[in-house]
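Each remark here refers to the structure printed beneath this line.
The values are calculated or read from the model by the stated rules, or taken from the named source; none is laboratory data. Every value quoted in this text rests on a predicted model; they were computed, and no experiment measured them. All Cβ positions, glycine included, derive from the backbone under ideal geometry; neighbour counts span all protein chains shown.
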Amino acid sequence: MSISACVEMEKIMLSQLYFSLIAAGAVLPFAIAGATMASPAANRISTPTVHENIAVYFVHGSSAAGPVPSTLQEALVRGDVEVFETGNVRELQIENKGNDPVFVQFGDLVKGGRQDRVLTVSLVLQPKSGRVPIGSYCVEQGRWSARGGEDVKKFSMSDSMMPSREAKIAMAKPAVKAPTPEVLMTDRPRNSVSGGDNQRIAQQRHSAPDGQSEVWRNVGAMQSALSSRLAAPVSSEKSRTSLQLALENEKLKDAMGAYVAALEPAGLKGDDVVGVVIAVNGRISSADVYPSNGLFRKMWPKLVRAGATEALVSKAAKADAAPAPADVDAFLNDAETGKQSELALGTHAKLETRDADKALRTEARTAAGAFVHRNYLAK
């Protein structure tokens, strides 16, 4: 399959996924009703908090009024949300059975099922949502059966986030160009799960869209780099390709301890922090902005661990100086000037992407301008 055909396939799946979500009424019109989209210029960027080769800059701004949704991990622990295996590598199902809205973030890892996955959209699920589709990529190449005592039909936890900027760019690229009506009418391809693991794995590798191949490549590269950094393998005997199990490695947790101890408290000092920009080895890597300080605080532990992992993976003998806050501000504003494209999400919301020379910015928002989550990835 050609790369262009793979990209078209991913556009089809993303577009149909969002139309299904809106039609099912499972996605809130927006995370917090009435939250308006603030431009980067309206926010203030802090001076950096630095530890070794990572610098974090907090985005200060006003918070939207209203209740703060639960995170996916909080809801899974309570049993309010279930994430279901579908037999399709690129799509899972998620259901909110509880009484509170639940925030799901682009880049959230989910553990279990036939393969650990990373979720590809940010959204807020309504209470009593019913089962709805959600896009995913595989982050555990090869396994297609139960792992130990885990439930092969469901996913048990989501306490980690994709720590690779490159992998997230591969995940975000299908949304860069809006599909044509003809593309929207095409059926989504699905991965066969019959004929045993060997047939399934061979078929998956042959038909995997280019974005999936890039995610696999980055997962393998991260594991190799971390193993080299720690002078010990981070892969688990339970599944050597699992990113989730690698992130649970005790030596890795110990190595990240100093990063987390230095950075995490800094994100909890102000009640006006609504986002963070992360720079590694003196280069801006990514940024995440939320509607409120309450939601940022809930996501911050995941974000700081992902940042620490990225810093360990790419740690250089000598890191360049951290960028100045003015450079960070310029990065965020320059991203807003990129080529704009949109995917219509029914009549209530849309996904907007801005593809600039130095950054890829995606944002889920309503037609009125309120937003759930804004993500920036440096190219």
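In segment 102-157, what count of residues is obtained for those that are more than 20 Å from Thr353 (Cβ to Cβ), crowded, with 23+ Cβ neighbours inside 10 Å and of a type in the set (Val, Ile, Thr)?
3
List the residue pairs whose Cβ atoms are under 7 Å apart, where the first residue sits in segment 315-343 and is within 25 Å of Leu226 (Cβ to Cβ), the second is basic (Lys, Arg), and the two are 6 or more positions apart or on different chains.
If the second residue must be basic (Lys, Arg), the pairs left are Lys315/Arg229.
Can you name every residue in segment 268-284 that is surrounded by fewer than 21 Cβ atoms within 10 Å (Cβ to Cβ) and not in a loop (DSSP other than H, G, I, E, B)?
Leu268, Arg283
With the requirement that a residue be out of contact with any helix residue (DSSP H, G or I) (no Cβ under 8 Å at 6 or more places or on another chain) and in a loop (DSSP other than H, G, I, E, B), what does segment 46-76 give you?
Answer for segment 46-76, where residues must be out of contact with any helix residue (DSSP H, G or I) (no Cβ under 8 Å at 6 or more places or on another chain) and in a loop (DSSP other than H, G, I, E, B): Ser62, Ala64, Ala65, Gly66, Pro67.
Among the residues of segment 77-91 satisfying the criterion of being of a type outside the set (Gly, Ala, Ser) and either crowded, with 23+ Cβ neighbours inside 10 Å or in a loop (DSSP other than H, G, I, E, B) (or both), which is nearest to the chain's Cα centre (by Cα)?
Filtering segment 77-91 down to residues of a type outside the set (Gly, Ala, Ser) leaves 77-78, 80-86, 88-91.
With either crowded, with 23+ Cβ neighbours inside 10 Å or in a loop (DSSP other than H, G, I, E, B) (or both) added as a condition, the list becomes 80-81, 83, 89-90.
Working: Asp80: 21, Val81: 18, Val83: 16, Val89: 16, Arg90: 14 Å.
Of everything passing the filter in segment 77-91, Arg90 is nearest to the chain's Cα centre (by Cα).
Under 7 Å by Cβ, and 6 or more places apart or on different chains, what pairs join a residue from segment 221-232 that is without any contact (Cβ under 8 Å) to a residue 40 or more places away in the chain with one that is among the aromatic types (Phe, Trp, Tyr) and not in a helix (DSSP H, G or I)?
The qualifying pairs do not exist here.
Where in segment 100-163 are the strands (runs of 3 or more DSSP E), entirely inside, with at least 1 residues that are modelled with pLDDT of 95 or more?
Working: elements: 102-104, 109-112, 117-119, 123-125, 132-138, 154-157.
Strands (runs of 3 or more DSSP E) meeting the threshold: 109-112, 117-119, 132-138, 154-157.
Among the residues of segment 249-276, which ones are under 29 Å from Ser236 (Cβ atoms) and free of Cβ contacts under 8 Å to residues at least 40 places away in the same chain?
Residues satisfying the conditions are Asn249, Glu250, Lys251, Lys253, Asp254, Gly257, Ala261.
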